[in-house]
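In what follows, a structure is listed as structure tokens, so that the remarks can point back to it.
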Amino acid sequence: MLDDLAQRAMIEGTLTPRRGPFNLYDFVSGDNRADLLARGAIPWWSDPHLVIRFLRPLPSALVWLDHRLFGYGAYAPHLASLLWWAGAVLAAYALYRIAAGPRAALVGVALFALSPTLAIPLVWLANRDTLLTLTFGALALTLYVRWRRDRRWRSGFAAAAAFCASALTGEYALCLAGYLVAFELCRPKESYGRRLTGAVPAALPLLLYALTHVALGYGTTGSGFYRDPITAPGEYLRALPRVLSALLAYSWLGVDETASWVGSSPFPAVLLLGGAVLVLGTIWKARRGAPRGGGGAWLASGSVLALIPLTTTEPSRRILGVTALGVCGALGFLIEKCVRGFRRPLRPLALAGVAAVAIIGYVHLIAAPLETRRLSRQAVEDEVRSVAGISMVRWPDGPVDTTLVLRANYSTTVHWVPFLLRENAPNHWYVLSQTHEQTIAVRTSPNSVEVREDEGALFPLGPTDFFRTIPFKVGDVVEVAGLRASVLGVDDVGRPLAVRYEFNRDLDSSDVKWISAGRYGFSDVIPPPVGIGVRLAR
């Protein structure tokens, strides 16, 4: 789905410039943006400086290997993802054993294995990078704890190697820094010099990755879904409280990140305050005499600190795997400790603690696995439905040069569709609107059409939109290969209400196809005569 198809097109060099084994997560940049716009792999209204590039050399190499070995076959690559999931679970168990003890490790690893945060990375091949980060990251943290406890150089070199492997999996590895900070803060007092030398095996690989990421120009520009704190610090800081509170709500409370109450006052402030209390409280308690290394305390506080690198992206379950590593370990430690310390009769304070643990246990032991199953099935069913909708388009016997999508309902129709169509892809796939509302298309000349919306914008736009955040103004003109779009009307936030499209060819030509998405998929649209329009119902 989506990025999987784009990556395979990059390997083949079709519809986009060819990419090598280590940069298949360079989705949009200066060397392919014009080609993507011309083919319609990204919509014409995309930010003219849109950049979406991620430095993930190891996951990229595995995607490249998948395609070389299996082509477009899905079974073997998904089996590989399942094996990486198993590796992540085993690595997490090793971490929990050394951090919280064997019994707590069993509870924690059960929570982690069935965590909803792993559902999408397991079923979406392009998101496999999360599983790689977890596998090497959990192993790296385990080796780091051993190194900090015994200070044997062999342990230090092993930890450094594991952190290097983690860094090669991509930017999610930077979340591990949160656990490193928490671990050091939860340790007994130690000289600064000893702390600095102790942190070198972990800090140096992560620092080198961050510097390389910046030096090679990786990151994002022009997208509201991704907010780079270097290229767009204002947008990042404005979104930070909302995003961080939503990530906290899902990580610890199992709340859907799209739940309306998460963003309504005063819950973001309450959630942020709760996160701060969790970090400071666990560190304070650990330093007052918890087991060496803080027991589960540093996992709990580290899971909150690990959220900070994730705030550059809109909240989503699929990016929270590294955070779940700490949450599940801390909850395993807490549940095991409460069960072990259960005594009758219960005092009121102890009763409150049991009730809290029972609620947490229900959320993460019962509700979470059910949610994982639902997410996995829904992701697969949604993609099957999306592909089925595209496959309903009836292609003529002759070649199609240009396809006009008068209306697209869902974002998948404006995102990488030419890569899905592969050999059947037209030279130009032009999406003229993305909405569920009634749309009107009026033929204004043999080579132009005007599209307008009576009850809303023609397509989404704003601070969280994937393709563009800059509002349009009346009179704005965008030109891509073969197409000139002129904005005729906008709403109060700069979203176009009417656009005139002018093409470099006669739209009655036999190699031009008109289609529109509706409630039951795509349907053909008969090109209207000049001066006549068509009304596309919901």
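Partners of K513 within straight-line reach, counting aspartates and glutamates whose Cα lies under 16 Å from its Cα and excluding those fewer than 8 residues away in the same chain: D397, D401, E502, D524. With a cap of 12 neighbouring Cβ atoms within 10 Å, and only residues DSSP puts in a loop, list the trypsin sites (Lys or Arg not before Pro) found in the range 1-46. Within the range 1-46, the qualifying trypsin sites (Lys or Arg not before Pro) (loop, at most 12 other Cβ atoms within 10 Å) are R18. Approximating the spin labels as points 7 Å out from Cα along Cα→Cβ, the V387-to-R374 distance works out to 2.5 nm.
Counted over the range 397-536, the DSSP beta bridges are approximately 75% antiparallel. Neighbours of A138 by Cβ distance under 14 Å: Lys/Arg scored +1, Asp/Glu scored -1, total +2. On the principal axes of its alpha-carbon atoms, the range 397-536 has extents of 44, 34, 30 Å, going from largest to smallest.
Relative contact order of the range 397-536: 29 percent, from C-alpha pairs under 8 Å at least 6 residues apart in sequence.
Here the chain is scanned for GluC sites (Glu not before Pro) in DSSP loops (not H, G, I, E, B) that have at most 14 other Cβ atoms within 10 Å, and the longest stretch holding none of them is 191-454.
Principal-axis analysis of the Cα atoms of the chain puts helix 3-12 at an angle of about 70° to the longest axis. Projecting label points 7 angstrom from Cα along Cα→Cβ for A34 and L82 puts them 4.6 nm apart.
The value of relative contact order for the chain, using C-alpha pairs under 8 Å at least six residues apart, is 18 percent.
Starting from the Kirkwood radius over alpha-carbon pairs of the chain, derive D by Stokes-Einstein at 4 °C in a medium of 1.567 mPa s and give it in µm² s⁻¹. Once the numbers are plugged in, D ends up at 51 µm²/s. Overall, the range 395-530 carries a charge dipole of about 140 debye about its Cα centre when +1 sits on the Cβ of Lys and Arg and -1 on the Cβ of Asp and Glu, all other atoms neutral. Note on K473 and S265: the extension gain reaches 71.7 nm, defined as 0.36 nm multiplied by sequence separation minus the Cα-Cα distance. The C-alpha atoms of the chain define a longest principal axis, and helix 321-340 lies at about 40 degrees to it. For the chain, a simple Cβ point-charge model (Lys and Arg +1, Asp and Glu -1, everything else neutral) yields a dipole of about 3320 debye relative to the Cα centre. Label separation (L106 vs T197): 4.1 nm, computed from points 7 Å beyond Cα along the C-beta direction. Descending by average beta-carbon neighbour count within 10 Å, the peptides 466-472, 127-133, 56-62 line up as 127-133, 56-62, 466-472, the highest first.
Within the straight-line cut-off of under 16 Å between alpha carbons, the lysines reachable from K189 are K285, sequence neighbours fewer than 8 places apart in one chain being disregarded.
The ranking of V28, V339 from fewest to most other beta carbons within 10 Å of each one's beta carbon is V339, V28. When the Cα atoms of the range 54-331 are aligned to their principal axes, the ranges along those axes come out at 54, 49, 39 Å in descending order. Computed from the alpha carbon atoms alone, the convex hull of the range 117-263 holds 151 Å³ per residue. Normalised by 2.2 N^0.38 Å, where N counts its residues, the alpha-carbon radius of gyration of the range 68-149 equals 1.21.
Each reported figure results from applying straightforward, stated rules to the coordinates on display, with no laboratory input. Note that the coordinates shown come from a computational prediction; the quantities given were computed from them, not determined experimentally. Ideal geometry is used to build each Cβ from the backbone, glycine not excepted, and the neighbour counts take in all protein chains shown.
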